[in-house]
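I have placed the structure first, in the form of structure tokens, so that the comments after it can refer back to it.
The values are calculated or read from the model by the stated rules, or taken from the named source; none is laboratory data. Since the structure is predicted, the reported quantities are computational estimates derived from the model, not experimental observations. Please note: Cβ atoms are built from the backbone with ideal geometry, for glycine as well, and neighbour counts cover all protein chains shown.
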Amino acid sequence: MSRKPRKKKKKRHATPPARGASPSKLRSTARSLQKRGGVAMISGGFVLIAGLLLVVALVWTEPDETDPPKTGEAAAEPNRSVPAPDTRHMEPPVRSRLETARRTVEERPDSGPAWGGYGALCDAHGLYDCAVACYTVATELDPTDFRWFYLLAFVSELRGGSPDRIVAYYTEASRLEPRLPTIFYRLGEALTRAGRLAEAANAYRKALEIDPQLAVAHRGLGQVVLAQGDAQAAVGSLTKAIELGAEGNPATLASLAQAEMRRGNTAAAEAYAQRAASAAEELPVPDPVRLRIQQMNVSAAQSAARAVRLIQAGRYEAALEQLRIVEQTRPDEPSTHYRIGVCLAHLGKPDEALTRLERAAELAPDNEVVRKELERVRGLLES
């Protein structure tokens, strides 16, 4: 008997490239927009808004290592290689986290969350080629999780990826998670860069339907409608952005100057142009997903910066956790011992605080701030 020929399985892709106008078609129009003022990354920052922190908890969960591997068409292909960045010269905490995440992928190669979690760690530490490779696999193995499409789009932008493909990733992320305004804002930006201005305007409007107070979306919409020739509508959107906190943002002010000039309001245009020339404030993008990525960065520099902010906020236990990470890499840094001492003193542990502050004083004997805190803690113990 003759065998029936086997049917070849079609290779699956994360997302087909988005169709639309060529980026070059409307390039001249897109160039008229001011440079994007959104923050690409929040440098390890904490957004002190209860609602946003709640969203962080809702949109990000760590990979569950107890999940059984997926089977069938979604299983990892045999020829998939796990990225292996050179970690020999990295700080110990960074190296340990990356190597652990990589081993998890090697042990569970069919797990989308494992690939995505490894990609997120790479992303957090600037290993963007590794991150793109991991996020791409995660979208194939775990195509219902918006995070992998969203993060793949974001990192692809950093690497100068195809505008239409970036739009496709953001579009899929917005379909999977239609409640997060930041996704539609970033989709609007991607569409603008691709020269698809009408679609960009719709994306910004969708972001504003979800969050009418999103200043960056008002600015983006104003810039797009200005490029489309509607100066009146542009002034309305850009003025709203100013009201919501963009009064010191140069891109917003420069766009308002252009819009007023087109309306014939020369005096107003000149006033906004002068303000734009001296403005230097970035307009923040409240992004819980990227915030979580930044919090995964365990380098000494980022951990120290987080510790300072936590101390300022009175969150001494959390600050201690960050300082322990710093100490692994910088065991003889006086500022680390000083900050640990401050935290311990506020946590009611003056004896331990004294030991730390005395060490800080040994390492920085001329530091007046350290000396004063040391005297204060000694006074607490003697009283």
Of the conditions (1) hydrophobic (A, V, I, L, M, F, W, C); (2) more than 21 Å from Glu321 (Cα to Cα); (3) surrounded by 16 or more Cβ atoms within 10 Å (Cβ to Cβ), Leu380 fails just one. Which one is it? (3)
Can you name the residue in segment 357-377 that is in contact with a helix residue (DSSP H, G or I) (Cβ under 6 Å, 6 or more places away or on another chain) and of a type in the set (Val, Ile, Thr) and is also farthest from Ala345 (Cα to Cα) among such residues? Val370
For the subset of segment 284-308 comprising residues that are among the aliphatic types (A, V, I, L, M) and either more than 22 Å from the chain's Cα centre (by Cα) or not in a helix (DSSP H, G or I) (or both), which member is nearest to Tyr118 (Cα to Cα)? Met296
Report every pair of residues separated by at least 6 positions or lying on different chains whose Cβ atoms are under 8 Å apart, first residue within segment 79-99 and at pLDDT below 95, second in a loop (DSSP other than H, G, I, E, B) and surrounded by fewer than 13 Cβ atoms within 10 Å (Cβ to Cβ). none
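Does Leu253 fit the bill of being crowded, with 16+ Cβ neighbours inside 10 Å and at pLDDT 95 or above?
On the way: crowded, with 16+ Cβ neighbours inside 10 Å: yes; at pLDDT 95 or above: yes.
In short, yes.
Only helices (runs of 4 or more DSSP H) wholly contained in segment 309-383 count here; list those with 2 or more residues that are β-branched (Val, Ile, Thr) and over 29 Å from Val94 (Cα atoms).
Working: elements: 316-329, 334-346, 350-363, 368-382.
It comes to 368-382.
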Taking the criterion of being in the same structural domain as Ala268 (by TED's automatic domain parsing) and of a type in the set (Val, Ile, Thr), would at least one residue in segment 190-213 satisfy it? yes
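Return the residues of segment 98-119 that are under 19 Å from the mean Cα position of the chain (by Cα) and closer than 22 Å to Arg324 by Cα; say none if nothing qualifies.
The first filter runs over segment 98-119 and keeps only residues under 19 Å from the mean Cα position of the chain (by Cα), leaving 98, 113, 115-119.
Correct list: Leu98 only.
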Out of Leu283, Leu380, Leu344, I need the residue that is touching a Lys or Arg at 6+ places or on another chain (Cβ under 7 Å) and modelled with pLDDT under 95. Which one? Leu283
Conditions: (1) part of a helix (DSSP H, G or I); (2) farther than 25 Å from Pro93 by Cα. Pro143 meets all but one. Number of the miss? (1)
I'd like the residue in segment 331-377 that is surrounded by fewer than 18 Cβ atoms within 10 Å (Cβ to Cβ) and either of a type in the set (Lys, Arg) or outside the structural domain of Ile311 (by TED's automatic domain parsing) (or both) and, out of all such residues, is nearest to Ile311 (Cα to Cα). Lys349
Those residues that are of a type in the set (S, T, N, Q) and more than 17 Å from Ser299 (Cα to Cα), I need them from segment 323-348; list them, please. none
Does Glu282 satisfy the criteria of being closer than 30 Å to Thr87 by Cα, among the charged types (D, E, K, R) and surrounded by fewer than 21 Cβ atoms within 10 Å (Cβ to Cβ)? no
